[in-house]
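Participant: Can you read through this structure? Questions will come right after.
None of the figures in this text is laboratory data; all of them are computed from the coordinates on show. Since the structure is predicted, the reported quantities are computational estimates derived from the model, not experimental observations. Quick reminder, even Gly has a Cβ in these numbers, built from the backbone with ideal geometry, and neighbours come from all protein chains shown.
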Amino acid sequence: MNEITAAIPRPNNLDAFWMPFSDNRYFKAHPRLLARAEGMSYYTPDGREILDGTAGLWCCNAGHGRREITEAIQRQAAVMDFAPTFQLGHPVAFEAAARVAEITPPGLDRVFFTNSGSESADTALKIALAYHKARGEGSRVRLIGRERGYHGVGFGGMSVGGIGPNRKQFGALLPYVDHLPHTHLPQRNAFSRGQPEHGAELADALEALVALHGAETIAAVMVEPVAGSTGVLVPPRGYLERLRAICDRHGILLIFDEVITGFGRLGANFGAERLGVTPDILTMAKGLTNAAVPMGAVAVKGAIYDAVVNGAPGGIELFHGYTYSGHPLAAAAAIATLELHRREDLPGRARAMEPYWQEAVHSLKGLPNVVDIRDFGLIGGIELAPRPGRPGARATEVFRRCFDAGVLVRVTGDIVALSPPLIVERHQVDRIVGTLGEAIRAEA
Ligand code: PLP
C-alpha cells in the first residue's frame, strides 16, 4: 500500500449500492475493488496493479489519468460548474461540438449531446423518426436492429437491441421493431483475421423486411459496425456496403452505433472511416471524454438537421434533450480528449499496433476449449466452449483468474473480449495475452 492508496476509503458496507449488470450476491461476498488508475493500469485499494486489457469498459482509449484531461475538467469546474443549454448556451459546448464535427465522417457535421451511449441510441432513433415526420413521411415508424446488437438500456436501444436477457425481464418494448440476423457464422468464418470472408448476403434480410412491411413504414436501421458487447462480431466483407445500398434504395436511414468503435478503437477516428461506409446518423460516447466525465453524442448529416430544424414552423424544433446535454465539465473533457487524440495520433497508433495485436490474440488458437478467435482494430474476442450445462461459467472463471494474476479482461457469455487502451505497448500486449492463455489452460 502506498500513500495514495492508503488515503482511499475502504467501504465496510457494500449493501446500499445496487450494482449494474452485476452478480451482486457474488460480488458482495467476494469484492473486487479498484481504487486508482494511471496509464495502462488500475490499482486495488491495497496497491496491487491490474493491467487494463479492456480500457475500463471500452472507454479509456487514451489510457488512465491523463493529466491534460484532468486539468481541463478542473479548470472548467472553477470557471463555471453548470449552465443550461435549453435556450441558452455556453462556449465550451459549441467548441466541443465543432471539434467532434471535425473528425466525424464527411457530412455528419451536426452534433447533439447526450450523457451516455444509451441516451445516444434513443436520441438517434428519435431524430430518425422526427426527420421522416418533418418530411411528410410520418408513416415511417418502424425501427430495425439486429440480433445480438447492443444499443444500451433505454427503451429504444433495448427494443432495437437483440440481446434476449436484456429484453425479456422488462415486458412491453417498442411495438414497431424488427431485427436482422446477426453476422456470426462460426462454421464458415471461425478464426478469421480481421473482417471475415463470408456473410455479406446476410444484409439482404433487410430487403425481406422491406418486402414484408413496406419501405414506407421503415424509418431506420441501427447496427454496430463491430458488435462489441455480444462478443466481438466483425462485419463480413461487403456486408455494411450492402446494408448501405439497400437503405439508399428505400429511403431508410442507416444509423451506426459507434459507442465502442469510435475514437480510434478500429485504427481510425470512427469505424465508418475504417470500413469505408458512411451512415446517416452516428452515435458515440465512452472514448469521447476518455470516460473521465460521462458524455455521449449523436452526429447527423446536414440534411437531417435541415429537415427537422428548418422544416419546423418556428420555436423549439426538436422536443428532446437532457439537462446535462453539453455539460461544461464533459465538454471541456471532450475538447481535451480530442486534442490528445490529434496530438498523439491515437487512431494511427492503434492501426500500427494492429498486426502485432492480431498475431498475439490468434496465438491462443489451439488452447483447450478455444473454439473461435476474432479481431479487428484493437479489439479481440476469444470464444470458449461452455462448460456442459453451465453457460458462461468457464469464461467467468477465466476472468477471475486473470484478475487475480493482475490483468483485467471482460467476458460476455463464454467469450473473452479484449480492448486495451490505444497506448498499449508490445510488452503489455504480451502480458495480457500471456495471462489470458494461462487462465484458459488452468480452466481446461
Ligand atoms: N451502444 C453500444 C454499442 C455499447 O457498446 C454501449 C455500451 O457498452 C452502449 C450503447 C450503451 O452505453 P452506456 O452504457 O454509456 O449507456
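Participant: For R343 paired with D306, estimate the spin-label separation in nm (one decimal), with each label point 7 Å from Cα along the Cα-to-Cβ line.
Facilitator: 3.8 nm
Participant: When K133, K168 are ordered from fewest to most other Cβ atoms inside 10 Å of their Cβ, what list results?
Facilitator: K168, K133
Participant: So, one more: Using a Gaussian network model on the chain with a 10 Å cutoff between Cα atoms, which of P279, P421, P386 fluctuates the most?
Facilitator: The residue with the greatest mean-square fluctuation here is P386.
Participant: Give a quick list of chymotrypsin sites (Phe, Trp or Tyr not before Pro) in region 304-387 that DSSP marks as loop, anything other than H, G, I, E or B, with at most 14 other Cβ atoms within 10 Å.
Facilitator: Those satisfying the criteria are F319.
Participant: Using a ≥ b ≥ c from the Cα gyration tensor of the chain (square roots of the eigenvalues), is it rounded, prolate or oblate, where a/c under 1.5 gives rounded and otherwise the larger of a/b and b/c decides, a/b for prolate?
Facilitator: Verdict is oblate for the chain.
Participant: Sticking with this one: Show me 19-28, 288-297 ranked by packing, highest mean number of other Cβ atoms within 10 Å first.
Facilitator: Packing proxy ranking, top to bottom: 288-297, 19-28.
Participant: Work out, step by step, the length gained on full extension between F155 and R249: first 0.36 nm times the residue separation, then minus their alpha carbon distance; give nm to one decimal.
Facilitator: Gain on stretching F155 to R249: 31.0 nm.
Participant: Right, next: For R67 and R237 in the same chain, what is the full-extension length gain: residue separation times 0.36 nm, less their Cα-Cα distance, in nm?
Facilitator: Roughly 57.3 nm would be gained on extension.
Participant: I would also like to ask the following. Which of the residue pairs K133/K168; K133/K301; K28/K126 have a Cα-Cα distance greater than 27 Å in the structure shown?
Facilitator: Among K133/K168; K133/K301; K28/K126, the Cα-Cα distance tops 27 Å for K133/K168; K28/K126.
Participant: What is the calculated FRET efficiency for R75 to H198, with r their C-beta to C-beta distance and R₀ = 56 Å, to the nearest 0.05?
Facilitator: Result of the calculation: an efficiency of 0.65.
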